[in-house]
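A short worksheet on the structure shown next.
The values are calculated or read from the model by the stated rules, or taken from the named source; none is laboratory data. In this text the structure is predicted, and so the values were computed from the model without any measurement. All Cβ positions, even for glycine, are placed from backbone atoms using ideal geometry, and neighbour counts span all protein chains on display.
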Amino acid sequence: MKKRSLPLRNLARRPVRTALLILLVAFQALAVFGGSLVIFSLRNGLQSLENRLGADIIVIPATARSKVNPESLFLQGTTGYFYMNRDRLEKLENVEGIERISPQLFLASLRASCCSVPVQVIGLEQETDFVVQPWIARSYGRALGLKDVVVGSRVSAAVGESIRIYQENCPVVGKLDATGTGLDTAVYCSMETLAHLLDAARAMGHDLQISGDSAAQVSAVYLKVKDGYDVGKVTDDINVHVRKVEAIQTRNMFSSVSDSLRSVSSVVVWLIAAVWVLALMILLVVFAMMMNERKREFAVFRLLGMSRGQLGGMVRTEAVLCGAAGGLAGIGLALLVILPFSGLIEASLGLPYLMPGAGMIAALGGGTLALCILMSALASLGAAVRLSRVDPGTILREGNG
């Protein structure tokens, strides 16, 4: 019998014990890889949201919160609309410290015969927009024409298709990269298209609570603060000197998300640590029991000429094989659970959630596999040390007594 095949033969001869070892390591890998993937996805989502909004301050009507929570609109994709007079732009332009300013106009479509899907429609002033245009340029390098729309990654319409909004067929000319936030369910268009859709909604009898010419209305204003100015002070100046508006620092909007992310991450890290400690303790017990169970087997191997080092190496190889198999099984199970249900995980957590790329997932999987193999090898060290003290003659005499 070749010595190289002994570890595999030993594992195959005791399938129950082998399955238990693999299951323990798989449980550990599932917790480590799955938990790490969730944490990275949450951090990716927050970073993506910060990059996508791209503004220091968002100004909304003072009455907006009575209609929809702005944080829910941006983070969770809640549809809604609110309006204020466009003359607020002139007052905001007079606030010291403002570098760039761009308005948006909102329209919430309905799940009805009028619309393909319920989405948040956002009209952009293309001449001034610095928030969404850089992202649109990645998939569509021209100005948006009348009825042209660009959709978020989770809108079920592909480039070249059309979506129906208030009985108007709107060609999809671009699709944005995923952010893991409510922005992925939004539809973006020019201000001219949004005004056209507002007229179409009115014609269908929908009360959008907007009076007069839509060109004289805006829903939100995005502001970029000049270098050297304090964003908090500029925000306070707006809230004090510009009537009937509320200025929100995007950083403050993110702070609650960051706090929630830290809380979730802490829970996941503690869970991973608990699983590691528990799995390591159980593996140590299993290997100790295995030593007692296999004493005669090891004694025979020693009498057949196997050195103590070779015997210890055989045990370590068995542990490494179990660690590799369990690690691969746990990683595969985590992918089967997390990848198809990432949307459900995002909805359950209520936080920005964006899966990392294939390269990062592969790196996390490789690191998890290496840790599982290392832990299994470490757990077998005690058994290997005890093997170095085995006296085959004594063991065999005990078995015959």
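Which is more than 23 Å from T179 (Cα to Cα), among the aliphatic types (A, V, I, L, M) and modelled with pLDDT of 85 or more, of I331, I361? Talk me through it step by step, then tell me what you get.
On the way: I361 fails: more than 23 Å from T179 (Cα to Cα).
I331 is the lone residue from the list that is more than 23 Å from T179 (Cα to Cα), among the aliphatic types (A, V, I, L, M) and modelled with pLDDT of 85 or more.
Here are A279, A273: which of them is modelled with pLDDT under 80, part of a helix (DSSP H, G or I) and either farther than 30 Å from N69 by Cβ or within 33 Å of the chain's Cα centre (by Cα) (or both)? Show your work before the answer.
Details: A273 fails: modelled with pLDDT under 80.
None of the other options fit; the residue is A279.
Would you point out which residue out of R142, R138, R154, R164 is more than 22 Å from G357 (Cβ to Cβ), among the basic types (K, R) and part of a loop (DSSP other than H, G, I, E, B)?
Details: R138 fails: more than 22 Å from G357 (Cβ to Cβ); R154 fails: more than 22 Å from G357 (Cβ to Cβ); R164 fails: part of a loop (DSSP other than H, G, I, E, B).
Of the residues listed, the single one that is more than 22 Å from G357 (Cβ to Cβ), among the basic types (K, R) and part of a loop (DSSP other than H, G, I, E, B) is R142.
One residue is enough: does the range 183-200 have a residue meeting the conditions on the phi > 0 side of the Ramachandran plot and either touching a helix residue (DSSP H, G or I) at 6+ places or on another chain (Cβ under 6 Å) or not in a helix (DSSP H, G or I) (or both)?
Keep residues of the range 183-200 that are on the phi > 0 side of the Ramachandran plot, which gives none.
No, every residue in the range 183-200 fails to be on the phi > 0 side of the Ramachandran plot and either touching a helix residue (DSSP H, G or I) at 6+ places or on another chain (Cβ under 6 Å) or not in a helix (DSSP H, G or I) (or both).
When you go through (1) surrounded by fewer than 23 Cβ atoms within 10 Å (Cβ to Cβ); (2) touching a residue at least 24 places away in the same chain (Cβ under 8 Å) one by one for G141, which number turns out not to apply?
It fails just one condition, (2).
Table: residues versus (1) touching a strand residue (DSSP E or B) at 6+ places or on another chain (Cβ under 6 Å); (2) crowded, with 19+ Cβ neighbours inside 10 Å; (3) modelled with pLDDT of 85 or more.
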{"site": "G160", "(1), (2), (3)": "no, no, yes"}
{"site": "I163", "(1), (2), (3)": "yes, yes, yes"}
{"site": "T179", "(1), (2), (3)": "no, yes, no"}
{"site": "L197", "(1), (2), (3)": "yes, yes, yes"}
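Here are some conditions: (1) surrounded by 17 or more Cβ atoms within 10 Å (Cβ to Cβ); (2) within 20 Å of G45 (Cα to Cα). L344 meets all but one. Which one does it not meet?
Evaluating L344 over (1) surrounded by 17 or more Cβ atoms within 10 Å (Cβ to Cβ); (2) within 20 Å of G45 (Cα to Cα) leaves (1) as the failure.
Go through (1) under 18 Å from A195 (Cβ atoms); (2) at pLDDT 80 or above; (3) aliphatic (A, V, I, L, M) for A108 and report which single condition fails.
Failed condition: (2).
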